[in-house]
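Take a look at the structure below.
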């Protein structure tokens, strides 16, 4: 096992831990930044600015680590391009969410609320794009890893994870112009979890193999 592969495995594990920690802060605190109600979203961020910035920092670290992991993978071994693109899309998502912090200072202003709604929508579609790219990387990686390692279960579990992740990506499209509710958004998080677990297992194997 080459040093870059070990580094990639460690970065994958770090990325997933940071993202899970961010979600663990966001969900119970009501900071999911749902664009269906930008006024309430701005009020929530205004009430908890420190917590909002903290969870964003965790998420940024997660997407950065995922991007770095992709760039650390040996050429041709796994779909590093798709994984790196997912990481960059995730960072753009966080950039839009960070701008909400400033907008929240004027959360009573109707114009600010309108602008925030547009920013939140773009941010949500960026993370949707990140999820789609990550799902594509999972589908390719599952077939590649199974073919090279001879472990059929890795391929099967990867495909199952990719199907769950694809369902999470498609979910917002089923809600029309209204957008997903906070509850539906949390369902999307759960559907994407198998993708994260699959990459976590892969990261652990990369770190542990001699």
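The values are calculated or read from the model by the stated rules, or taken from the named source; none is laboratory data. These figures come from a predicted structure and were not determined experimentally. Don't worry about glycine lacking a Cβ; one is built from the backbone with ideal geometry, like all the others, and counts go over all protein chains shown.
Could you grab the pairs with beta carbons closer than 6 Å, sequence gap of 6+ or different chains, first residue in the range 17-30 and closer than 15 Å to residue 199 by Cβ, second one at pLDDT 90 or above and in a helix (DSSP H, G or I)?
Between residues of the range 17-30 that are closer than 15 Å to residue 199 by Cβ and residues that are at pLDDT 90 or above and in a helix (DSSP H, G or I), the close pairs are 18/58; 18/61; 18/62; 19/62.
Filter the range 144-153 down to the residues that are surrounded by 13 or more Cβ atoms within 10 Å (Cβ to Cβ) and more than 16 Å from residue 73 (Cβ to Cβ), then identify the one that is modelled with the lowest pLDDT.
My answer is 151.
Considering each residue of the range 169-192, count those that are buried (at least 18 other Cβ atoms within 10 Å of the Cβ) and closer than 20 Å to residue 28 by Cα, and give that number.
Adding up the residues that qualify gives 5.
Which numbered condition trips up residue 73, out of (1) crowded, with 20+ Cβ neighbours inside 10 Å; (2) at pLDDT 95 or above; (3) farther than 17 Å from residue 132 by Cβ?
(2)
Restricting attention to the range 78-87, does a residue exist that is more than 16 Å from residue 16 (Cβ to Cβ), touching a residue at least 60 places away in the same chain (Cβ under 8 Å) and either in contact with a strand residue (DSSP E or B) (Cβ under 7 Å, 6 or more places away or on another chain) or outside any helix (DSSP H, G or I) (or both)?
yes
Here is a check on your reading of the model: is residue 81 closer than 17 Å to residue 136 by Cβ and surrounded by fewer than 19 Cβ atoms within 10 Å (Cβ to Cβ)? Walk me through it before giving the result.
Numbers: closer than 17 Å to residue 136 by Cβ: yes; surrounded by fewer than 19 Cβ atoms within 10 Å (Cβ to Cβ): yes.
Spelling it out, residue 81 is indeed closer than 17 Å to residue 136 by Cβ and surrounded by fewer than 19 Cβ atoms within 10 Å (Cβ to Cβ).
Only residues in the range 117-134 that are in a helix (DSSP H, G or I) count as the first member; pair them with residues that are at pLDDT 90 or above and surrounded by fewer than 21 Cβ atoms within 10 Å (Cβ to Cβ), Cβ under 6 angstrom, at least 6 apart or cross-chain, and list the lot.
Close Cβ pairs satisfying both conditions: 119/96; 119/99; 122/96; 123/96; 126/92; 133/82; 133/85.
Which condition breaks for residue 92 when tested against (1) at pLDDT 90 or above; (2) under 20 Å from residue 198 (Cα atoms)?
Tallying (1) at pLDDT 90 or above; (2) under 20 Å from residue 198 (Cα atoms), residue 92 fails exactly one: (2).
Please state which of the following conditions residue 12 fails to meet, knowing it meets all the rest: (1) farther than 25 Å from residue 100 by Cβ; (2) at pLDDT below 90; (3) crowded, with 16+ Cβ neighbours inside 10 Å.
Evaluating residue 12 over (1) farther than 25 Å from residue 100 by Cβ; (2) at pLDDT below 90; (3) crowded, with 16+ Cβ neighbours inside 10 Å leaves (2) as the failure.
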